[in-house]
Structures are given as structure tokens and as C-alpha cells.
Amino acid sequence: MSRINLEALAKQHPDYARALRALQSWIDAHEQERVINPMKVAKDLRQVDTTDLAMAFTLLHKAGLLKRVYKVLTPAGVLADGEFDSPTVIPEKLPDRFERYFDTSDAEIVPVFRLVA
């Protein structure tokens with residue numbers, strides 16, 4: 001069973017119904033995901049216009065179904081554990097997946113969404 005149902009939003013915003021339904025399918029297929037990286041979703045849903053997909057994320061955010069959080073990309077190119085409500089609260093050092101700490105001042109900060117529902 002899906003954690004959220006976007007059909008009501010699709011009916012309210014018919015111009016973005018295709019993107020919302022594609023996003024619904026993606027969420028259903030990735031039940032284990034705690035956070036949603038819009039860049040990953042865009043790569044997986046290449047058939048959906050990126051502008052429409054961005055608007056779908058905006059609609060979910062405005063509806064309170066998603067919360068914007070930030071993650072840090074490790075030097076190895078994977079997202080470090082930990083989600084932050086603001087880039088300003090990211091610690092100076094974080095552990096990578098091998099528990100080696102790296103300096104976050106030069107690291108890329110990635111905006112992602114956490115499902116609220």
C-alpha cells in the first residue's frame with residue numbers, strides 16, 4: 001500500500017496529472033526510500049518533462065506531503081547519513097559510509113525531500 005495518494009492532487013492540477021501519476025508510481029516502486037532525491041527521480045522518469053516533474057514536487061511540498069531537507073555528498077559521491085533542516089546546521093565534519101570523517105565545507109549539499117505522510 002502506498003504511503004501517499006496523489007490522485008486528488010492530479011485531479012486538482014490536471015496540467016500536472018501525468019507527472020504526479022508518474023511520481024506516484026515511482027514512490028510506490030521505492031517503498032524503502034526515506035528521502036526522495038529529485039535528480040534520481042528525474043533520471044528514472046525520463047519520459048516526464050522535468051519542468052512538470054519539478055512542479056509536481058512543488059505541489060506535494062505545498063500540500064504538506066513532502067518536507068525539504070538537505071543531505072551531504074561524501075567525497076566518494078554517495079549521500080552521507082543524516083538529514084538537515086537547513087544547510088546552515090550541517091556539522092563541519094560528517095562520517096562517510098566507512099565511518100571516516102570528512103570536511104563538509106567543500107562538500108556538495110543536496111536538497112532532497114522527506115515524505116511526511
(request) Could you give log10 I(q)/I(0) at q = 0.21 Å⁻¹ for the chain, computed by the Debye formula over C-alpha point scatterers of equal weight, without solvent? (result) -1.12
(message) I'd like the distance separating the alpha-carbon centroids of region 34-74 and region 1-21, in whole Å.
(response) 14
(request) Mind pulling the angle between the C-alpha long axis of helix 50-62 and the longest principal axis of the chain? Nearest 10 degrees, somewhere in 0 to 90. (result) 90
(message) How large is the translational diffusion coefficient of region 7-65 in µm² per second when you combine the Kirkwood radius over alpha carbon pairs with Stokes-Einstein at 4 °C and 1.567 mPa s?
(response) 113
(message) Restricting to DSSP H runs of at least four residues, report the calculated mean residue ellipticity at 222 nm for the chain, -39500 (n - 2.57) per run over all residues, nearest 500 deg cm²/dmol.
(response) -9500 deg cm²/dmol
(request) Distance from a point 7 Å along Cα→Cβ of Arg3 to each backbone N in region 62-100: keep the residues under 15 Å and list them by number. (result) 64-70, 82-84
(request) Give the relative contact order (percent, whole number) for the chain; include only Cα pairs under 8 Å separated by 6+ residues. (result) 26
(message) Test of understanding: in a Gaussian network model of the chain with alpha carbons linked when under 10 Å, which of Ala76, Ala17, Ala42 would top the mean-square fluctuation ranking?
(response) Ala76
(request) On a 0 to 90° scale, report how tilted helix 17-29 is relative to the longest principal axis of the chain, with both axes built from alpha carbons and the result rounded to the nearest 10. (result) 50
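Every number here is computed from the coordinates shown, using simple stated rules; none is lab data. Predicted, not measured: the structure shown is a model, and the values here were computed from it. All Cβ positions, glycine included, derive from the backbone under ideal geometry; neighbour counts span all protein chains shown.
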